[in-house]
Each structure stands twice: as C-alpha cells, then as structure tokens.
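Trainee: Before I ask anything, here is the structure I am working with.
Each value in this text was obtained by applying a stated rule to the coordinates, not by laboratory testing. Since the structure is predicted, the reported quantities are computational estimates derived from the model, not experimental observations. Using ideal geometry, Cβ is built from the backbone for each residue, glycine included, and neighbour counts are taken over all protein chains shown.
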Amino acid sequence: MSEHVFRTYEEAVIRIRYSSWKSRLWTLEVGFYAQRLVFRFHDTLITLGELLAGWKQSSTFPMLLKSHANLKVLDGIKYSVLSKILGAFPDDIRTVSSIELHMDKKHFYTILRAGYLRAERFALLTEEDEVQCIAAAWPKLIQVYSEAGMYAKDSGTRIKRLRFISS
C-alpha cells in the first residue's frame with residue numbers, strides 16, 4: 001500500500017480489504033492485538049480507526065457501512081474471551097498432526113483467520129465468505145474453549161472436538 005497515494009477514505013479501506021496484508025494470518029494476528037493499527041500509504045501514515053471514521057463520515061453508500069447480519073451470532077463475546085481463544089487455538093493446531101485429525105490443518109487456520117477478522121476494528125474489512133466461516137465455526141469454538149473446558153482437556157482433545165466444524 002505504500003506505493004499508492006491516499007485519495008479518499010473509501011479507496012484506502014478498499015485497498016486494505018483486498019491487500020496482501022489482510023490475506024496473511026500473521027499480519028491479522030498482529031492487527032488483532034495492536035492497540036493502534038497504522039497503515040502507510042505513499043503520502044501519509046494513518047490509523048485504521050481514522051480511516052474507518054473518515055469513511056463513515058464521507059460515504060455516499062450507507063449500505064457499505066452496515067455490519068453483516070451473520071456477525072451478530074457472536075455479539076456479546078468479550079474481547080478478553082476472544083483473545084484467550086485466539087491464544088490457545090493456534091497452539092492446539094500446532095500440537096495435533098494432520099494424520100490424527102484426518103483432515104488438513106488449513107481448515108483450522110481458516111477458522112483462526114476468521115477469528116482475527118471478528119475483531120470489531122475489522123468488521124468493515126470482512127467479506128461475506130469470511131462472515132459465513134465466522135458464523136459457522138465460532139459458536140462451536142467458543143463452546144469448546146469455554147472457561148469450563150479451556151484447561152480441563154488437553155489440546156489434542158479440544159482440537160479433535162472441532163473436526164466436524166465446516167468452514
């Protein structure tokens with residue numbers, strides 16, 4: 001994005017939405033935990049919060065600013081709970097082999113990526129297929145990683161309970 005000139009808030013948000021930044025798991029993870037997320041365009045540095053606020057104020061298409069209805073399935077989930085799950089889930093994925101799971105680990109990394117995208121700051125950057133993954137997988141993930149089950153079972157048991165989640 002550093003090669004592109006910042007013209008409008010909408011253009012900047014669209015560039016981020018379809019950029020390689022959003023496609024990489026590690027950058028989403030950093031973005032999820034960062035207190036302020038700053039993007040560099042050719043002519044300026046700007047935070048994601050400033051971009052989204054500017055876009056909301058200047059948008060001529062209010063429909064673009066509406067949250068996806070399917071994201072409501074996770075309304076009320078505290079950031080701290082989401083953070084705990086996103087801290088434990090990647091470790092569980094790494095500790096269990098694909099052979100044990102009888103499925104590709106990529107499936108679980110897709111669910112993990114969707115979890116990072118669930119952060120409120122990314123709501124307007126989320127595509128419909130990503131929303132579908134969040135709506136399908138995350139209620140079960142929250143159930144498996146609830147406080148009662150978080151430490152009671154080993155990582156292999158937790159991840160095996162997630163095998164049947166469709167992405």
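Trainee: From the cross-link list K56/K78; K22/K56; K78/K105; K78/K140, which pairs have alpha carbons spaced over 22 Å apart?
Mentor: K56/K78; K78/K105
Trainee: Quick one: order W21, W138 by neighbouring beta-carbon count within 10 Å, fewest to most.
Mentor: W21, W138
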